[in-house]
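S.K.: Let me begin by handing over the structure; questions about it come next.
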Amino acid sequence: MKYFLYLCTIAVLLVSCSQLGAQTSSTNNPSGNSVSPAIIATPNLPGRLLLVKAGNLLMWHDGQLQQLTSSGDAWQPAFSRDGTRIVFVRRGQSYSDIMLTAATGGEAIQLTDNGSRHALQSFERIYDSMWAFYPNFSPDGSRIVYASQFGPPEGSPASEYRLVMYLQDARAGADRITAYSDGSGNVGHSVFDAENKGIYFAFNPAGQNGAPRIMYYTIASGSLSLPSGMPDQSYDPALGPDGKTLYYAKRNADTTEIYSIPTTGGTPVQLTQRKTARSPAVSPDGNWLVYLAIPPQAAGFELWAQKLANGMPDGDPVQITRDQLFDADSGISWGK
């Protein structure tokens, strides 16, 4: 791949190694007008949710938020389809790696090796930087898909390769395989289809005139297509539990809402009215939609839930948290 993206900034993140722990975040405080983080509603959501706050992984289960990491370097988690494992991104100074761990806790296994041997904050380290983002499991849990560069920066001034799509076995030491690359833009969030035949992914064209869109990549042929009816300005793809419905965020001027569309194509259906909604996830039974949105006069993204009936909103949405300030780009992963 011969295309480059100019480096505008180098983020300096001083981090330490972490393990998935068993720390519990005591956040139940539904009363009063306090600005402290709180859980203000506990709908009967099945399974577990993974979220990110200030670089730490949190798990929602049975109306509680449990903090899983405490080092501030963990982002973009995803459950395996059976809910037994978690992949996530660990960020360091001028690099990030994909990590794998058991959902029950324990030491994380490193699946990529992007760290530099050069000194922290050195010029040489900038030219040795590599990033990996947005990991997700295949339906059988044997592989992951993620976005990364072909190699470290080159040229003077330093410039980075675009983010392309890679496939890799979900084990340490596995080789990565280039799935899709396009020098005109960057690959973002990706999700396998239900039959492991293809991948829905967000693609963000470079430049100010390009509109983000969700594309479909066929693994066997390497072909690319645009799902029928899928509009531009769409991102954050998530698949329903039966694999027949794709959920996504769509930008319209200065607002963003959650929509759904059949994977076979059709007319998009708007599911939210929050103006800032993104990062959809659907329960394993298909009866609930969760997403992140900024409440009026609030400082950041909070967790919301919407009951579904036959794929349509059933009743009013429920704001679950207050002042948690979740990371919207890390999204939500729903596991059993």
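S.K.: What whole-number volume per residue, in cubic angstrom, does the convex hull of the C-alpha atoms of the stretch 77-213 give?
M.R.: Residue-normalised Cα hull volume stands at 117 Å³.
S.K.: Provide the per-residue ³J(HN,Hα) series for the stretch 96-105, in order, calculated from phi with Karplus coefficients 6.51, -1.76, 1.60 and θ = phi - 60°, each as a whole number of Hz, with x at glycine and proline positions.
M.R.: Whole-Hz 3J(HN,Hα) from phi for the stretch 96-105: 8, 10, 8, 10, 10, 8, 6, 5, 7, x.
S.K.: Debye sum, Cα scatterers, the stretch 123-177, no solvent: what log₁₀ I/I(0) at q = 0.13, 0.22, 0.26 1/Å?
M.R.: Ignoring solvent entirely, the Cα scatterers give -0.39, -0.83, -0.99.
S.K.: Still on this structure: Using the C-alpha atoms of the chain, what convex hull volume per residue, in cubic angstrom, is computed?
M.R.: 137
S.K.: Using a Gaussian network model of the chain whose springs link C-alpha atoms within less than 10 Å, name the residue from Asp128, Asp97, Asp193 with the highest mean-square fluctuation.
M.R.: Its mean-square fluctuation being the largest, the pick is Asp128.
S.K.: Based solely on C-alpha atoms, express the radius of gyration and the Dmax of the stretch 61-116 in angstrom.
M.R.: Calculated on Cα positions, Rg and Dmax stand at 12.1, 41 Å.
S.K.: Then there's this: May I have the pair-distance distribution P(r) for the stretch 91-144, computed from all Cα-Cα distances with 5 Å bins from 0 and rounded to whole percent?
M.R.: 4, 18, 22, 20, 15, 10, 7, 3, 0
S.K.: Of His189, His118, His61, which has the largest mean-square fluctuation in a 10 Å C-alpha GNM of the chain?
M.R.: Highest fluctuation of the listed residues: His118.
S.K.: Spelling out what I want: for every residue of the stretch 182-188, take phi, set θ = phi - 60°, compute 6.51 cos²θ - 1.76 cosθ + 1.60 (Karplus), and round to whole Hz; glycine and proline get x.
M.R.: Going residue by residue, I get 8, x, 8, x, 10, 6, x Hz, with x marking Gly and Pro.
S.K.: Just to confirm a number: summing +1 for Lys and Arg and -1 for Asp and Glu over residues other than Asp254 whose beta-carbon lies under 15 angstrom from that of Asp254, what do you get?
M.R.: Charge balance in the 15 Å sphere: +4.
S.K.: Let me know the shape class of the stretch 231-289, please: from the alpha-carbon gyration tensor, a ≥ b ≥ c as square roots of the eigenvalues, rounded when a/c is under 1.5, otherwise prolate if a/b is greater than b/c, or oblate.
M.R.: oblate
S.K.: Something else now. Could you give me the ³J(HN,Hα) list for the stretch 84-94, computed from phi with Karplus coefficients 6.51, -1.76, 1.60 and θ = phi - 60°, whole Hz, x at Gly and Pro?
M.R.: Rounded to whole hertz, the list is 8, 10, 9, 10, 7, 9, 10, 9, x, 6, 6.
S.K.: Which whole number of Å³ per residue matches the convex hull of the alpha-carbon atoms in the stretch 181-291?
M.R.: 96
S.K.: Long-range amide H contacts for Leu65: which residues qualify at under 5 Å (H placed 1.01 Å from N, peptide plane, sequence gap of 5 or more or a different chain)?
M.R.: Close amide H contacts, sequence-distant or interchain: Thr27.
S.K.: What residues from the stretch 60-102 fall in the zone where the backbone N is under 12 Å from a label point 7 Å along the Cα-to-C-beta line of Ala172?
M.R.: Once the point is set 7 Å along Cα→Cβ of Ala172, 100-101 turn out to lie under 12 Å by backbone N, inside the stretch 60-102.
S.K.: Cα convex hull of the stretch 237-336: mean projected area in nm², to one decimal?
M.R.: Dividing the Cα hull surface by four gives the mean projection, 6.4 nm².
S.K.: Taking the chain as a Gaussian network, Cα atoms linked when under 10 Å apart, which of Ser190, Ser221, Ser94 shows the biggest mean-square fluctuation?
M.R.: Of Ser190, Ser221, Ser94, the Gaussian network model singles out Ser221 as fluctuating most.
S.K.: Using a/c under 1.5 as the rounded threshold, could you call the stretch 202-246 rounded, prolate or oblate? The axes a ≥ b ≥ c are square roots of the C-alpha gyration tensor eigenvalues, and prolate needs a/b larger than b/c, oblate otherwise.
M.R.: Taking the square roots of the gyration eigenvalues as a ≥ b ≥ c, the stretch 202-246 is oblate.
S.K.: Shifting gears a bit: Which of Lys53/Lys244; Lys307/Lys336; Lys197/Lys244; Lys197/Lys250; Lys197/Lys307 have a Cα-Cα distance over 21 Å?
M.R.: Lys53/Lys244; Lys197/Lys250; Lys197/Lys307
S.K.: Oh, and also: What percent does the relative contact order of the stretch 216-336 come to when contacts are Cα pairs within less than 8 Å and at least six residues apart?
M.R.: RCO, the stretch 216-336: 18 percent.
None of the figures in this text is laboratory data; all of them are computed from the coordinates on show. Owing to the predicted nature of the structure, the values given are computational and were not obtained by experimental measurement. Note that each Cβ is placed from the backbone with ideal geometry, even for glycine, and that neighbours are counted across all protein chains shown.
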